[in-house]
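Accompanying notes for the structure given below.
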Amino acid sequence: MSPLHDAQAAMARAIIEGPSHVPADLFEGSGKRVMMAFASHANTVSHARLVALEETFPHARELLGEERFNQLSRTFLDSGQGSDASLGDIGGAFASWLDDQEAGDALPVAQFEWNWLESYRAAEAPALTMQDLGQLDEERLLATVLELHPAARRCTANASLTDILKLPNTDQVMLVRPDAEIRILALEETQSRTFSMLEEKSRSVSNLFAGLSELMDETQILPAIIALVGAGAVVKRNRDHVETI
Amino acid sequence: MTSIPLSSSGAFARPLPPKAGVGLKPQHYSEVLEDGGDATTPKKLPGWVEIHPQNYFADGGPALRWLTAVAEKYPISFHSTGISLGSAEGPDMAEVDRLKRLIDRVEPAMVSDHLSWNQTGNHNFPDLLPLPYDEPTLDHFVRAVERVQTRLGRTMLVENPSRYLAFSGDTMSEVEFLTQICQRTGCGLLFDINNVLVSATNLGTDPAEVIDAIDPALVGEIHLAGHATEDHGDFIMAIDDHGSAVADATWALYERFIARSGPKPTLIEWDTDVPDYSVLAGEMAKAETVLLQHTGSHVAAA
């Protein structure tokens, strides 16, 4: 360990556990000045993380109330969760951590908000369209390999979330971003099962039909696929794909 | 004394002009992309813009599209906050790789980070933490800058920090430390004049001495920002919060430096309680006034 490493470890401890942990001989100036300086650094760190959580979860915060959200945020940070994450990624750790807390109706809302941010940052990709599929003969259509668009996400929904999104009541919602902006749609059960199969792995249309036929009535399969394609949730995978069943 | 190289990558196709720029915030995207108003209500547009690249680390999406649109209109400076150049474990090279991907996409005129550290062990602090000014730390920091510049394939600027405390083991001044870094790595200096005032207030030193000791040839960009102060009875602590207008004392130090250096690209930084664009435009206009007063009396080094 170098002296620089020792100094940084001591400063980290002082920020996390309090300025009384600063080695007495590390800095010039009075003890009060050192205390205030480290209080300022600790405040900057804490404030930046709290603001990042507030900005990532505005609706969950409103639903929980400022006091409860602040309490949960501080408990999350005080337990050391997310301390290795950047401000841009700390919300992912918080959304996972909330799973084990008593967040009530706000849990699906928070998890939706994190999924929204993931979708917002996801890679661009040309979404498959019904027009694309319509140009294929049956053989080529069945061999076409489908996978989820990089920005497609699915979340559990509750009444609080559908109220916020102004959607009809549903158990699942899907986020897609085939163009510039994110679109949010209610998912029916057959569509959700189709999403699951594509989430699991890329599949040819024929394989997807075969898999879905074990999960739903055959008359429901095509409408479910069409719904996902029409929403922009699916892309066509290149032909180098090797399918495993 | 080494002058700052403009570029080692050819990416400085549009160098930062020696004008006033602004730290770009999402709420001002539309205003900086619109025209400059009309004859009766002209709008002050920035000469260039700066962004925090970490806010645009994404595989795709709207934020990158905004950034691309802004880059088509303005020279851009990337002001990174996450490389942790001064970490004892070395810089965060995964962060450098993310930065490189964005640089390749947008080709900014300048890339900078800080004379500070923010990572140790499993901790990633959203703050700019101070380093001791001694020979081993200087050697360590120089190696870090060289490593990052090699990975980026270009030179960078390093910003002088705002300090709340001096290390008891400091063996050289901040100016000496920064000058050595620039001379040994070929990097330049992002000279934050508000930070000079904040550090001087906290450490009881003379800010004018720092202003007069910095070699203008090293300076590729200047930052101006506001700060807060706390009265602790027996001392005043200045907090570098970027949440208010540039202080009069900072303007005076800026004018003192520009009188010696000639015009330099100058950024108005305002990161907390961000005001309407018109307020930032007013601050830019003040900086432009200073820059214009000293245009032509020096060889512009931008």
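The values are calculated or read from the model by the stated rules, or taken from the named source; none is laboratory data. What you see is a predicted model; the values in this text were computed from it and never measured. Methodologically, a virtual Cβ is constructed for each residue, glycine included, from the backbone with ideal geometry; neighbour enumeration extends over all protein chains shown.
Odds and ends about this structure:
- For the range B:99-129, a residue qualifies if it is at the interface with chain A (Cβ under 8 Å from one of its Cβ atoms) and either charged (D, E, K, R) or outside any strand (DSSP E or B) (or both), and the qualifying residues are B:Gly121, B:Asn122, B:Asp127.
- Contact map, the range B:130-156: residues that are more than 14 Å from chain A (Cβ to nearest Cβ) and on the phi < 0 side of the Ramachandran plot paired with residues that are crowded, with 23+ Cβ neighbours inside 10 Å and of a type in the set (D, E, K, R), Cβ distance under 7 Å, separation 6+ or inter-chain. Pairs shown: B:Met156/B:Asp113.
- Single unsatisfied condition, B:Leu85 versus (1) buried (at least 23 other Cβ atoms within 10 Å of the Cβ); (2) among the aliphatic types (A, V, I, L, M); (3) at the interface with another protein chain (Cβ under 10 Å from one of its Cβ atoms): (3)
- The set of residues in the range B:157-186 being hydroxyl-bearing (Ser, Thr, Tyr), surrounded by fewer than 23 Cβ atoms within 10 Å (Cβ to Cβ) and in contact (Cβ under 8 Å) with a residue 12 or more places away in the chain consists of B:Thr171, B:Ser173, B:Thr179, B:Thr185.
- Restricting attention to the range B:7-49 and to residues that are within 18 Å of B:Arg154 (Cα to Cα) and buried (at least 18 other Cβ atoms within 10 Å of the Cβ), the residue that is modelled with the lowest pLDDT turns out to be B:Phe12.
- Screening A:Asp25 with (1) among the charged types (D, E, K, R); (2) surrounded by 14 or more Cβ atoms within 10 Å (Cβ to Cβ); (3) over 14 Å from B:Phe125 (Cα atoms) gives one miss only, at (2).
- Those residues of the range B:187-214 which are more than 24 Å from A:Gly29 (Cβ to Cβ) and surrounded by 18 or more Cβ atoms within 10 Å (Cβ to Cβ), in sequence order: B:Cys187, B:Gly188, B:Leu189, B:Leu190, B:Phe191, B:Ile214
- Only one of the listed residues (A:Thr162, A:Thr75) is away from chain B (no Cβ under 14 Å), part of a helix (DSSP H, G or I), within 27 Å of A:Ile16 (Cα to Cα) and among the β-branched types (Val, Ile, Thr). That residue is A:Thr75.
- Unique match (being of a type in the set (Asp, Glu) and either over 30 Å from B:Val142 (Cα atoms) or touching a His at 6+ places or on another chain (Cβ under 6 Å) (or both)) among B:Asp97, B:Asp92, B:Asp59: B:Asp59
- Answer from A:Arg49, A:Arg68, A:Arg61, A:Arg13 - the residue that is under 25 Å from A:Ala157 (Cβ atoms), in a helix (DSSP H, G or I) and in contact with a helix residue (DSSP H, G or I) (Cβ under 6 Å, 6 or more places away or on another chain): A:Arg61
- Residues of the range B:243-274 satisfying the condition of being surrounded by fewer than 17 Cβ atoms within 10 Å (Cβ to Cβ) and outside any helix (DSSP H, G or I): B:Gly243, B:Ser244, B:Asp271, B:Thr272, B:Asp273, B:Val274
- Residue, farthest from the other protein chains (Cβ to nearest Cβ), within the range B:64-78, restricted to residues that are touching a residue at least 24 places away in the same chain (Cβ under 8 Å) and surrounded by fewer than 20 Cβ atoms within 10 Å (Cβ to Cβ): B:Lys73
- Residue pairs whose Cβ atoms lie under 7 Å apart, separated by 6 or more positions or on different chains, with the first residue in the range A:134-155 and closer than 19 Å to B:Gly60 by Cα and within 14 Å of another protein chain (Cβ to nearest Cβ) and the second exposed (fewer than 14 other Cβ atoms within 10 Å of the Cβ) and among the aliphatic types (A, V, I, L, M), are A:Pro150/A:Ala123.
- Scoring B:Val290 on the criteria (1) under 16 Å from B:Ala20 (Cα atoms); (2) in a strand (DSSP E or B) leaves a single failure, condition (2).
- Selection count where residues are more than 8 Å from every other protein chain (Cβ to nearest Cβ) and on the phi > 0 side of the Ramachandran plot, scope the range A:2-50: 1
- Among the residues of the range B:121-135, just one is modelled with pLDDT under 95 and either of a type in the set (Gly, Ala, Ser) or crowded, with 24+ Cβ neighbours inside 10 Å (or both), namely B:Gly121.
- Residue list for the range B:136-156, restricted to those being within 30 Å of B:Ile236 (Cα to Cα) and either aliphatic (A, V, I, L, M) or surrounded by fewer than 17 Cβ atoms within 10 Å (Cβ to Cβ) (or both): B:Leu138
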